[in-house]
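Down below is the structure, laid out as structure tokens.
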There are 2 protein chains.
Amino acid sequence: MKEYEQLFTDSIRGELKSFAEYRAAYREIWTLRNILSVLHWDSEITLPEEGRTERGDQIGLLSGLVHSKYAGDKFYALAEKAREENEKKSLPGQEERRVELKILFKDLNRSRCLSQELVEEFSVITSKAHAVWAKARKENKFSDFAPILNQIVELSKKQTECYGYQTEAYDALLEGYEPGERASNLENLFFNLKNSLKPLVARGKKINNPFPREIPISLQRRLGENLPSLLGLSSKMSRLDASEHPFSTSLGSKDKRITTRYDLKDPLSSIFSILHETGHSFYEAGISEIIGGPSPLHDSVSLGIHESQSRLWENQVGRSREFWEMYYPILMNSLDLKESELSFSELFSYINQSSPSLIRVEADQITYNLHIILRFEIERALINGKVQVSELPELWNSKMKDLFGIEVPSDREGVLQDVHWSGGAFGYFPTYTLGNIYSAQLFQAFSKETPNFSEQVTKNKDFSSLLGWLRKNVHWKGKFHSAEDLIRSATGMDPDSSHLVTYLENKLTELESIDHG
Amino acid sequence: MKEYEQLFTDSIRGELKSFAEYRAAYREIWTLRNILSVLHWDSEITLPEEGRTERGDQIGLLSGLVHSKYAGDKFYALAEKAREENEKKSLPGQEERRVELKILFKDLNRSRCLSQELVEEFSVITSKAHAVWAKARKENKFSDFAPILNQIVELSKKQTECYGYQTEAYDALLEGYEPGERASNLENLFFNLKNSLKPLVARGKKINNPFPREIPISLQRRLGENLPSLLGLSSKMSRLDASEHPFSTSLGSKDKRITTRYDLKDPLSSIFSILHETGHSFYEAGISEIIGGPSPLHDSVSLGIHESQSRLWENQVGRSREFWEMYYPILMNSLDLKESELSFSELFSYINQSSPSLIRVEADQITYNLHIILRFEIERALINGKVQVSELPELWNSKMKDLFGIEVPSDREGVLQDVHWSGGAFGYFPTYTLGNIYSAQLFQAFSKETPNFSEQVTKNKDFSSLLGWLRKNVHWKGKFHSAEDLIRSATGMDPDSSHLVTYLENKLTELESIDHG
């Protein structure tokens, strides 16, 4: 079962002419978006240095074309005719098509509401801001970044007025990444999490890199290249490359590309990037398997759910004892290491280490969420007008003191560390922690149903029961349910951070037993 | 001087509004074509197997978009307004713009004259024909290929009626690859060449592969990767990859991509592919340097001239004594070979070997042209209705006997060997030999002006005088002159095959002196 079999079958196609026409137009837009992904992928992986300017022109031209096709009146009119037709004709899949068109119109109205001037102003300022931010961070001068950040905040507030909201402006931006989510709900979810995590931070332990020497990239590459297919992602529909920042992207239903980064001193860096990005690619590949696409339903439900899929493979699977019992010999053999140089428990403790740090992207799985909660609280206050840009450094530093008990020595290691705000991406940060919360809850539900998963992994290197469960309960749902409903139907419970807390507590207990063992 | 500085400067832009509008539309089409090149390159180099079907959709959609933009009425009207405006206003560069628009209209009229039905029928049949040809070749059954080849020939004849011609139908197809060229002119050019080559064939000598062992791809890759930049193609605007069939393509003004193929048993295979493809990329890079583009003038003048640039670097440079005096130590060192295993004269003789063979793509620089002349004579007769498809095998075999003195044992090694006709590419073959003729003539003219080139190569590994001469005399001319005029202005002589014959004769004499030395 790949869900929604009635959505748009060949037999229905003949009876719903307007729907078929709207779908043909949608497919064109979808194909052009995939071409855009080819251009972006090539820019990151293979583009010669001097080709960058013209590549920008190519991406600009095609983006403009896609936008004008998608947000233009012609497509809107096609979709309206499809909606009328679907309401008139009682055919199988009517309700699914109704949901599809509801999702489409919600997104279309968002795309169409901003004025051309506002879009262009936002685009001009955020592209300038990237360089300003990078320089300010390098020179540790928040005051150089503040004026342009202030402009971005004001433009973002203008956007919220176009998009509209019920209780607070921030919700209008959050909606762009996490449809249906509200800041007040996140506040509740994060409140419990924050209080539970603070005592765990103190129990964490810093472990130094236990690798006895640098490991050549060629060995690391050979090891990493086999990992996606070991997990279950076929190399016939995916490939792995190296890039400065790891990412995954979809260039078509059966063309998923993953990247990683190799660190001579720490081969785990690339392994965990591959685990993470493979999780994203599994989700995208699963969505592509849903019958009857492409359509607005054939898409990820939210960034939080997307991130839950990467985090699940990275943390729930990738930092588990069963995974490493299976993978430790493979890694040691591929990297030419002897057990006397690096023992299982040294490696396993290192993989699960935890200690407070200043930088989000270097944080472990316990403290990471506190970094996110800090950012969520600050950006929410900023967009809702409760705090001014000039107050950010002080606010940041006091929250770091409160959450981690550490002093921030410089803005470079504090409020200036992330790129997101310079791009105007307010509302993005909380999806990281939502992903962590959802991943723990999903994995717990799966584990209950599949008590012998550990054995399947350790004995047979077999992850298919997990991938099958995720396909059925997450991937093949597409965008049909909200993120919250999806979690509810997959786990039988409301979204709840307690599963993540329990997971982290158990992890700490396990590590403490190694320490004392 | 990068030619045509007056063509379309900023000061002229303000005065020629219609011309500027037409040029903006042209730039969009040009940018979309570059995006198409990205898709094609990715298909050959990086696309996962299962992504192929959707990539076909992407290419189909974008090709259709480009064609409708280019051949559509809107662009035609813009170009007409630009032409009227240019005639009215006497501004610097008026003549150049006149030439540009003349070239454009010639090509536009060709693009617009075929009916949609004919284009589609041709596209459907040629894509079917590829598989039919491949199977027929494998099974050595010309009779299986004949019916569909006949359909292609009939459709091609229909095309010639649309395009129009003065004396013979074949000219209308030749025009698509070699603008301004005529079959009767080729006949003269090739007549002399054929008669001069036949005695040389007998003087050639087969030399066996002298490499003492297989050479790992990693060593070959490291050697090959440095070759384009050694010749003068910057790695900041180009890259080298491996593919089944070597090719070069342009993804933008400063994004030139080359591919090669590695043969474990013969490292020269990849070296000569790189030399060849670098020559093509030099030409495309040089065209991009012309001031005032992109425009219809900023394009290669013909496939013959394009091929002259690849052949010049592959043969005139790449098989010369001076090149190998410089490159032999580099090759030996990079491939971990000792002089006692492979001497300079063994290698040099192998590089310049010649002997009659059945297969065009395996032919040497002497016999290659006879393979081409054979195909030119046959396809010309076919399109002009002087010969029927059913007669091809016998005709082929008798010509092989006449030109090479060898019997063709099977159609697989005879009339079925090439892919071109299954794609309907009649008129393409002669451009290969035109390229050889032009390359020898150009290199001779250059050598006269630069007597110390050998020394620059052997002592300083410096090819810049040659690249500079080609830029000035060939690349920076774009499409402003016909191929014939370009050769005339660069060399001071009409196109003439005697330079190629002299070059080949000298080469044989040189090899014979090694033999007897």
With respect to A:THR53, is the statement that it is within 10 Å of chain B (Cβ to nearest Cβ), of a type in the set (Val, Ile, Thr) and more than 27 Å from the chain's Cα centre (by Cα) true? yes
Checked B:ILE383, B:ILE378, B:ILE372 against criteria (modelled with pLDDT of 95 or more, open to solvent by less than 20 Å² (accessible area, probe 1.4 Å), closer than 30 Å to B:ILE207 by Cα and β-branched (Val, Ile, Thr)); the one match is B:ILE372
Residue hits (the stretch A:256-271; outside any helix (DSSP H, G or I), closer than 15 Å to A:PRO228 by Cβ and without any contact (Cβ under 8 Å) to a residue 60 or more places away in the chain) are A:LYS256, A:ILE258, A:THR260
Suppose we filter the stretch A:215-249 for residues that are of a type outside the set (A, V, I, L, M), within 14 Å of another protein chain (Cβ to nearest Cβ) and under 25 Å from B:ARG52 (Cα atoms); how many remain? 12
Mind listing whichever residues of the stretch B:102-149 are over 30 Å from B:GLU84 (Cα atoms), open to solvent by 60 Å² or more (accessible area, probe 1.4 Å), modelled with pLDDT of 95 or more and not basic (Lys, Arg)? B:GLU139, B:SER143, B:ASP144, B:PRO147
Given (1) crowded, with 19+ Cβ neighbours inside 10 Å; (2) within 18 Å of the chain's Cα centre (by Cα), where does A:PRO267 come up short, assuming only one miss? (2)
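Yes or no, residue by residue, for (1) within 23 Å of B:ASP57 (Cα to Cα); (2) open to solvent by less than 10 Å² (accessible area, probe 1.4 Å); (3) facing chain B (nearest Cβ under 10 Å); (4) under 32 Å from the mean Cα position of the chain (by Cα):
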{"site": "A:GLU44", "(1), (2), (3), (4)": "no, no, no, yes"}
{"site": "A:GLU49", "(1), (2), (3), (4)": "no, no, yes, yes"}
{"site": "A:GLY60", "(1), (2), (3), (4)": "yes, no, yes, yes"}
{"site": "A:ARG98", "(1), (2), (3), (4)": "no, no, no, yes"}
Matching helices (runs of 4 or more DSSP H) fully within the stretch A:272-354 where at least 1 residues are touching an Asp or Glu at 6+ places or on another chain (Cβ under 6 Å) and at pLDDT 95 or above: A:303-311
Open to solvent by less than 10 Å² (accessible area, probe 1.4 Å), touching a Gly at 6+ places or on another chain (Cβ under 9 Å) and under 30 Å from A:LEU108 (Cβ atoms), is that true of A:SER354? no
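Table: residues versus (1) over 27 Å from B:ARG13 (Cβ atoms); (2) facing chain A (nearest Cβ under 9 Å); (3) open to solvent by 10 Å² or more (accessible area, probe 1.4 Å).
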{"site": "B:ILE35", "(1), (2), (3)": "no, yes, no"}
{"site": "B:VAL38", "(1), (2), (3)": "yes, yes, no"}
{"site": "B:LEU65", "(1), (2), (3)": "no, yes, yes"}
{"site": "B:GLU80", "(1), (2), (3)": "no, no, yes"}
Can you tell me how many residues in the stretch B:160-177 are part of a helix (DSSP H, G or I) and of a type in the set (Phe, Trp, Tyr)? 2
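The values are calculated or read from the model by the stated rules, or taken from the named source; none is laboratory data. As the structure is a computational prediction, the values presented were derived from the model and not from experiment. Don't worry about glycine lacking a Cβ; one is built from the backbone with ideal geometry, like all the others, and counts go over all protein chains shown. We work out accessible area using only protein heavy atoms, side chains counted, and drop any ligands, DNA or RNA first. Shrake-Rupley method; radii C 1.70, N 1.55, O 1.52, S 1.80 Å.
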